[in-house]
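Read the figures in this text as sums done on the coordinates, not as results from a lab. Owing to the predicted nature of the structure, the values given are computational and were not obtained by experimental measurement.
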Amino acid sequence: MDKFSDYPTSLTAPARDAAAVVPSDATDLAVLPRALFIGQTGDVAARLAGGQTVVFRNVQAGSVLPVRTARVNATGTTATDIVALW
């Protein structure tokens, strides 16, 4: 039995899982994350869960963007080492 299985999963609870993000102009993320961790400073071009496309400019390394992101676009994204958290 997973000793963490009874911990709540909600939008306000800490993330339980993570995966590296490979920016793509055509492919959505496999899981809809609750946030993105940005490893190296740069811009993040994303399509949000609601369908809007936005560019977060000059996101600093070590930042966590609390956004539900369906896709991180390759075009317009200069930040690297992005990790999806859910």
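Couple of notes before you dig in:
- Per residue, the convex hull around the alpha carbon atoms of the chain comes to 94 Å³.
- Relative to the compact-globule estimate of 2.2 N^0.38 Å, the Cα radius of gyration of the range 23-62 comes out at 1.19.
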